[in-house]
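Read through the structure below, which is laid out as structure tokens, and then see the notes.
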Amino acid sequence: MNPAVPFGRITVINALLRGGADRVDIEIDGGIVTGIVPAGSSGPPDGTVIDADGGLVTESFVNAHLHLDKVFTLEQLGEAALEQYQGEGMGQASRAIDAAAEVKRSQDADRMLELARRSLAMAAHYGTTHVRALADVDTKAGTRGVEVLCVVRDEFAGIVDVQVVAFPQDGIVREHGALDLMRSAMEIGADVVGGIPWIEHTDAAMAEHIRGAFDLAVEFDADVSMLLDDAGDPGLRTLETMALEAIARGWHGRALAHHCRAMHLYSDPYFERLVHVLREAGVSVVSDPHTGPLHARVGALLDAGVNVILGQDDISDAYYAFGRNNMTEVAFLGCHMLWMMTAAGQERMYDAVTMNAAAGMNVAGHRIAVGNPANLVVHESATITDVLRFHAAPRVVVGHGRLVDSAAMRQAGGVPD
């Protein structure tokens, strides 16, 4: 696979930037944005020239939440877990997780690698250059998922930057031996320590789960990603516990909170208190409203100054039937499900799959600006509304300063012409 050309000089001419009325030329050299000047004012361009022809040019997409080890497993598992997870009130969410765990007993590493490659090729085709990918670690899967995702991470280096999360989907306390496997997963090469404390049986076990994950994060100097309060129970408070642990450990800005669906049911006074803790801890929240009937209070969090992200979450697995690693599709769904239909709301959803997501993953410099890494997409459309309306693949993807061979990625991803 040779989906990206080496570094070179690239000039994107006649581009419209978000919030800009006039066309500009964007100069890229050695993987870095070296100039943004009025269109036609930079002289004869050297190297590769891309004519945006008045199309919108934005930062590339970032997917902060993808269960890459389980993509395209829905047919293998059946729909029982799907029905339980998406049932009214999400009261059976934990049963869904237990049912979905069965797929791990029969997963083949070669097949997992094939499907992960397909999913990342889709991501590249649709303009995503960074993914945080979760791999289950437990007594059923062992560290197989992490091993596979580390392979595909290395294969896609320079095209899609993959952060591999060692994720104890079935718990740490209730799943005896999981913590030792998590340590092994980090030694193998996982980048991020995962967690899902709400799946434990008691509040004490939930707190122990969080402490154990942070112990590993400190040991390996790694960021943390935890799926929190992912059920219709207002008594679940692991988001607050995790944020307080981040503060206590000095892990400010290094803990990412996923789902947090119980927040939908919190009282307003408690929510206001929680917001203060999240801000102090620098915790970003990843919401995936299209994969479950409850979701975090995205608008209120943004209004309060908490960084909010939208993630793909799943692709045709036990929790979601669709998905193609197209983050404009995710933002389009977010506009509908979160009632972000105004121009300002659309911009918020677009931020949530670009700059906000990068900030939550601690990807530095993910903004089109001189001196920053060149990660950008060139759209056919000239407005955010039309980009979201059609959620088509970008005309051109520049990832990590290189042109991505979108045709090769489309073919590898099995995306129809």
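The values are calculated or read from the model by the stated rules, or taken from the named source; none is laboratory data. What you are looking at is a predicted structure, and each value in this text was computed from that prediction instead of being measured. FYI the Cβ positions are ideal-geometry reconstructions off the backbone, even for glycines, and counts take in every protein chain you see.
Here are the numbers for this structure:
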{"item": "Of all residues making up region 164-193, the number that are closer than 17 Å to residue 152 by Cβ and not β-branched (Val, Ile, Thr)", "result": "6"}
{"item": "Residue satisfying all of: in region 103-143; of a type in the set (D, E, K, R) and in contact with a strand residue (DSSP E or B) (Cβ under 8 Å, 6 or more places away or on another chain); surrounded by the fewest Cβ atoms within 10 Å (Cβ to Cβ) among these", "result": "104"}
{"item": "Filter pass, residue 353 being outside the structural domain of residue 125 (by TED's automatic domain parsing), closer than 20 Å to residue 326 by Cβ and surrounded by 22 or more Cβ atoms within 10 Å (Cβ to Cβ)", "result": "no"}
{"item": "Unique residue being modelled with pLDDT of 95 or more, assigned to a helix (DSSP H, G or I) and not aromatic (Phe, Trp, Tyr) when the list is 201, 276", "result": "276"}
{"item": "From the options 224, 277, residue that is in contact with a Lys or Arg (Cβ under 7 Å, 6 or more places away or on another chain), at negative phi, free of Cβ contacts under 8 Å to residues at least 40 places away in the same chain and β-branched (Val, Ile, Thr)", "result": "224"}
{"item": "Residue under evaluation residue 126, criteria (1) of a type in the set (Phe, Trp, Tyr); (2) more than 25 Å from residue 329 (Cβ to Cβ); (3) in contact (Cβ under 8 Å) with a residue 40 or more places away in the chain, criterion not met", "result": "(2)"}
{"item": "Those residues of region 316-357 which are over 21 Å from residue 227 (Cα atoms) and not in a helix (DSSP H, G or I), in sequence order", "result": "324, 326, 339, 340, 341, 342"}
{"item": "Residues satisfying the stated conditions in region 357-398, i.e. under 20 Å from residue 20 (Cα atoms), under 17 Å from the mean Cα position of the chain (by Cα) and polar (S, T, N, Q)", "result": "375"}
{"item": "Residues located in region 299-315, provided they are assigned to a loop (DSSP other than H, G, I, E, B) and more than 17 Å from residue 328 (Cβ to Cβ)", "result": "304, 305, 306, 307, 314"}
{"item": "Residues located in region 369-395, provided they are under 21 Å from residue 27 (Cα atoms) and buried (at least 20 other Cβ atoms within 10 Å of the Cβ)", "result": "373, 374, 375, 376, 377, 378, 379, 394"}
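Listed here are the residues, each with its yes/no results for (1) more than 17 Å from residue 238 (Cβ to Cβ); (2) in a helix (DSSP H, G or I).
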position	(1), (2)
107	yes, no
187	yes, yes
206	no, yes
213	no, yes
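To keep it simple, each residue is scored yes or no on (1) more than 16 Å from residue 132 (Cα to Cα); (2) β-branched (Val, Ile, Thr); (3) assigned by TED's automatic domain parsing to the domain that holds residue 248.
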residue	(1), (2), (3)
179	yes, no, yes
182	yes, no, yes
201	yes, no, yes
210	yes, yes, yes
213	yes, no, yes
219	yes, no, yes
223	no, no, yes
